[in-house]
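The next block holds one structure in the form of structure tokens; read it before the comments.
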């Protein structure tokens, strides 16, 4: 194993203009881990209830994902229900039940603690710090967050960020966290907090990378049809970090590797695009590394002349 | 002269979160012509009232723009007043006075009629057709439109589009005109109407080019600060067509030149970005071709690794 992922594993009910899916496997940890599993062996840290289904355990297992850090607790798994507006522009949370996730105290199995790569999904900043401490020798740590923590746990989040090499946020989070409208200014402000690179995800428009005075932009893959964008941002994170782990990037010892980070952003974009093609994590039941690499080359060609 | 531009010349009053400008020169024709003038000699077709100021005539003249097609009529010039929301995401029209523009009947000077390049700004589709007929030998015609004409003159607009080589629209117009949410699908539908290339402008996210089964995406230039986005889409059109005219592109005789169209999209993005740096067309008082080419190379490097 090489990459540790911490975050939520959930059961989602999702309604989009393209249809509805009931109680499908979801959560940031799920999507990050599935996407990253195409690049390196992945281990997850999360909690599920006694309703966690065998078929979902098998989906992780088929992707070779280590479940030693998946805690089982009495009670129900985290549940979320969301509805996308007719124009896809807004997502409304209809129901959110933390259930067993409420008492989540991540404690990493011994063999997780020596891993070089760590992705901190958007859980409470205090939990992110707790996990970060347990992987002290990590050579590359990336963290994500959500509006809730920016608004309610800002200082703790800033403390957490100081211990990350890469911050992954979407554009509204970048603006809220930095107080800057311009993404360039927002990234400059966030880089001063500590991370060596800031990746700002712009959904269907792609993603921007800011590092060491440099900039890179990758468009999103132009899908003919979207079924469900849930998890696309997390798949971006998984593709991004999976690729960097595969390349053996070391942000502790080495200079910021612009070329590899840029390629990682492109891989993030590719994994995010596959995620949108089916409801929930369904696309990962059949997706192959070959398809990923083919789409990577295609996406790369879209900015070349 | 090489490139003919038809559209509105206006006086705009603009309020953005960065400030306010009263009665500055505006209109699609103004921005397209100024942006294109860095590449080839430009002639404009528009109408102004007797309030048209000498300093504005001089701005055009300094950029070498032919004003033989600028009709002067008794009355006031077209006026527009718009306000951008605090988050920059919405623009509200506070006042719109067509004035002399209401009776605009574009009649091109003789020497305009033999020009190879034509940009049809977003005026009524019937007027666009009238102008198109007067430049029968054009080797590349690009047209823009707005929501108003898509809603009120749809059939006339589709007729007009059949006579264009390139359609330039923003993403909401592309969706409205095609009935498709996916930009890829929208472009496929619009390409079937007649144009050989469709460029979809996505504002601060960049622009996408669809042509001959191929795709190209150029990000927007990441500005640290925006003063006023008014005219950026028109400057995109001007930079795009100016570059293609400079290269002598011929979409009547030749195959669709993907490489040149892609570079043109990048130039469009660059010109749009300069436009946003100052209120109204102020940036064009000092902008040089050298600055444009430098930013082109910079923007190109942002998608390379």
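Using all C-alpha to C-alpha distances in region B:87-131, build P(r) with 10 Å bins and read off the rounded percent in each one.
Percent of pairs per bin, in order: 19, 39, 26, 14, 2.
I'd like the per residue volume of the convex hull spanned by the Cα atoms of region B:62-192, given in cubic angstrom. Before the final figure, lay out each step's value.
Numbers: hull volume 20.4 nm³, N = 131.
Spelled out: Cα convex hull of region B:62-192, divided by residues, is 156 Å³.
Give me the one-decimal nm value for the distance between modelled label points at residue A:225 and residue B:22, 7 Å along each residue's Cα-to-Cβ direction.
A separation of 5.6 nm, rounded to one decimal place.
Using just the C-alpha positions of region A:163-285 as equal point scatterers, what log10 of I(q)/I(0) does the Debye formula give at each q in 0.15 1/Å?
The computed values of log10 I(q)/I(0) come out as -0.65.
For region A:202-296, what's the relative contact order in percent, using C-alpha pairs closer than 8 Å and at least 6 residues apart?
Result for region A:202-296 is 34 percent.
I'd like the distance separating the alpha-carbon centroids of region A:18-32 and region B:115-180, in whole Å.
So the separation of the two Cα centres works out to 42 Å.
Hey, what number do you get for chain B at 222 nm if only DSSP H runs of n ≥ 4 count, each worth -39500 (n - 2.57), divided across all residues, to the nearest 500?
My calculation for chain B gives -10500 deg cm²/dmol from helical runs alone.
Where does the protein assembly as shown land on the Kirkwood hydrodynamic radius, alpha-carbon pairs, in angstrom? Don't skip to the end; give the middle numbers.
Values: mean 1/r = 0.0390 Å⁻¹.
Radius from the Kirkwood sum: 25.6 Å.
What is the Cα centroid distance between region B:76-106 and region A:240-271, reported in whole angstrom?
47 Å
Output the relative contact order of chain A, whole-number percent, from Cα pairs under 8 angstrom with separation of 6+ residues.
Answer for chain A is 18 percent.
Any chance you could run the full-extension gain for residue B:85 through residue B:51? It's 0.36 nm times the residue separation minus the Cα-Cα distance, nm to one decimal.
9.3 nm
I'd like to know how region B:192-252 sits against the 2.2 N^0.38 Å rule of thumb: what's its Cα Rg over that expected value?
Rounded to two decimals, the normalised Rg is 1.27.
Where in region B:263-305 does the label zone of residue B:214 land, with the point 7 angstrom along Cα→C-beta and an amide N cut-off under 13 Å?
Backbone N within reach: B:263-265.
Which ordering of B:243, B:302 is given by a fewest-first count of other beta-carbon atoms within 10 Å?
B:302, B:243
Averaged over B:212-222, how many beta carbons belonging to a partner chain fall within 10 Å of each residue's beta carbon?
The shielding value for this peptide is 5.
Please arrange A:149, A:88, B:164 by how many other C-beta atoms lie within 10 Å of their C-beta, fewest to most. If you can, show how the numbers build up before the last one.
Details: A:149 21, A:88 16, B:164 26.
Sorted ascending by nearby Cβ count, the order is A:88, A:149, B:164.
For the pair residue B:153 and residue A:110, how long in nm is the line joining their label points, each one 7 Å along Cα→Cβ?
Here the answer is 7.9 nm between the modelled labels.
Label residue A:72 and residue B:146 with points 7 Å out from Cα along Cα→Cβ: what is the distance between them in nm?
6.4 nm
Under a no-solvent Debye model with one identical scatterer per Cα of chain A, what's log10 I(q)/I(0) at q = 0.07, 0.11, 0.15 Å⁻¹?
Treating every Cα as an identical point scatterer, log10 I(q)/I(0) equals -0.23, -0.59, -1.20.
Among B:239, B:206, B:248, which one moves the most in a GNM of chain B with springs linking Cα atoms closer than 10 Å?
Maximum among the listed residues: B:248.
Could you sort A:23-30, B:92-99, B:65-72 so that the peptide with the highest average Cβ count within 10 Å comes first and the rest follow in order?
Going from most to least packed, we get A:23-30, B:65-72, B:92-99.
Got a sec? How would B:152, B:189 order by Cβ neighbour count within 10 Å, fewest to most? Write out the running numbers ahead of the final one.
Details: B:152 11, B:189 16.
With the sparsest Cβ surroundings first, the list reads B:152, B:189.
How big is region A:1-137 on each of its three principal axes, counting only the C-alpha atoms and giving the largest first in Å?
46, 31, 29
Rule-based calculations on the coordinates, nothing more; no lab input. Quick caveat: nothing in here was measured; it's all calculated off a predicted structure. Ideal geometry is used to build each Cβ from the backbone, glycine not excepted, and the neighbour counts take in all protein chains shown.
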